[in-house]
Amino acid sequence: MQTFELSSPAKINLFLDVLGKRSDGYHDIVTVFEKIDLCDRMRFTESEKGVTLSSNLKDLPTGENNLICRAYSLFKKACGASKGVKIHIEKNIPVAAGLGGGSSNAAVALKGLNRLWKAGFPDEKLVDIGKKIGADVPFFISNHSFAIGKGRGDDIIPIESNLDIWHVIISPPEHVLTKEIYGDPSLNLTGNRPDVKMIVRAIEQKDFGGIKRHLYNALEPVVTKKVEDISRAKAFVKKRGFDAVKVTGSGPTIFVFTHERKEAESLRDDFLSLFVSGGPQKNWKIFVARTLQQQQLATT
């Protein structure tokens, strides 16, 4: 019986602008994705029929509400298979945190089924299926560390760069719903728009200063209003000399831009010992992560 494991990485949004609401209920956005090496592990095992999910995380949905189940149904229909699969997910990426864990799991499920059932679909076909699952799924199917996302975020334009960035990823215990963030009446859809080309050029040129200057998230004011601890966490980080700190996606996770591993580990340790000290802060999750490089993507 064939069994294998694949990594399922998280993402952060270095840039995210909301351009307006679409007729299908989604929003047109432009974003810059970065894959990071904070990863779930997914184990695929052949079975006779259906999809069976299990996880180390007790409260992870394992029924039809999990995007993996939708990925299984759509892939099975696309290739005409009658086979089944058991998928175990070792969750490390915080759930509902703006890190794309669910979308990544769905994308890796498509890749895993393609391999397990020897369907031979090219990535372009997997992307077409992925767009029916969620807006972030196509980025996780692509084998690029950085990419622009347009439309709903699912029109992917790769950014060619082997840039390597260290981050501290800070995830508060609160969860927020993406639809509530995008639906908040205070979301600003007018006014001057930042130019995504500036941060893309900085990534291509490995200009760390330029990247830090052009970090942007139009959703951050809404997320910060709903999760007050974000402002406290950002103030703590900035007091230690780290100015490049942003909410990723629809939050509430924030990421900090650092220059080297030692610097990131020092900030993580300070945050754990001085900010997370029991009480209401005890369930925060803090990680040191770096850019997931293309050569790593090819072997996961």
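The values are calculated or read from the model by the stated rules, or taken from the named source; none is laboratory data. Not measured: the values here are computed from a predicted model. All Cβ positions, even for glycine, are placed from backbone atoms using ideal geometry, and neighbour counts span all protein chains on display.
Quick look at the numbers
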item: Any hit, region 131-138, residues being touching a Phe, Trp or Tyr at 6+ places or on another chain (Cβ under 8 Å) and surrounded by fewer than 24 Cβ atoms within 10 Å (Cβ to Cβ); result: yes
item: Helices (runs of 4 or more DSSP H) contained entirely in region 81-168, each with at least 3 residues that are under 19 Å from F15 (Cβ atoms); result: 137-141
item: Residue among G279, G241, G249 that alone is at pLDDT below 95, of a type outside the set (V, I, T) and in the same structural domain as D207 (by TED's automatic domain parsing); result: G279
item: Residue check, I199 surrounded by 18 or more Cβ atoms within 10 Å (Cβ to Cβ), more than 16 Å from the chain's Cα centre (by Cα) and of a type outside the set (D, E); result: yes
item: Some residue of region 80-100 being of a type in the set (V, I, T) and over 24 Å from the mean Cα position of the chain (by Cα); result: yes
item: Total residues in region 192-238, condition among the small types (G, A, S) and either closer than 25 Å to D154 by Cα or assigned by TED's automatic domain parsing to the domain that holds F33 (or both); result: 2
item: Test: residue in region 117-124 that is surrounded by 24 or more Cβ atoms within 10 Å (Cβ to Cβ) and either within 27 Å of M1 (Cα to Cα) or assigned by TED's automatic domain parsing to the domain that holds V227 (or both); result: no
item: Members of region 1-16 found to be charged (D, E, K, R) and under 16 Å from the mean Cα position of the chain (by Cα), listed by number; result: K11
item: Residue match in region 55-65 (condition: assigned to a strand (DSSP E or B) and out of contact with any Pro (no Cβ under 6 Å at 6 or more places or on another chain)); result: yes
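Yes or no, residue by residue, for (1) of a type in the set (D, E); (2) surrounded by 15 or more Cβ atoms within 10 Å (Cβ to Cβ); (3) in contact (Cβ under 8 Å) with a residue 60 or more places away in the chain:
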| position | (1), (2), (3) |
| --- | --- |
| N162 | no, no, yes |
| I170 | no, yes, yes |
| H175 | no, no, yes |
| P185 | no, no, no |
| D195 | yes, no, no |
| E204 | yes, no, no |
| H214 | no, yes, yes |
| E220 | yes, yes, no |
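Residues are listed down the side, and each one gets a yes or a no for (1) assigned by TED's automatic domain parsing to the domain that holds G98; (2) of a type in the set (S, T, Y); (3) within 14 Å of A135 (Cβ to Cβ):
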site	(1), (2), (3)
S7	yes, yes, no
V18	yes, no, yes
D24	yes, no, yes
S47	yes, yes, no
G50	yes, no, no
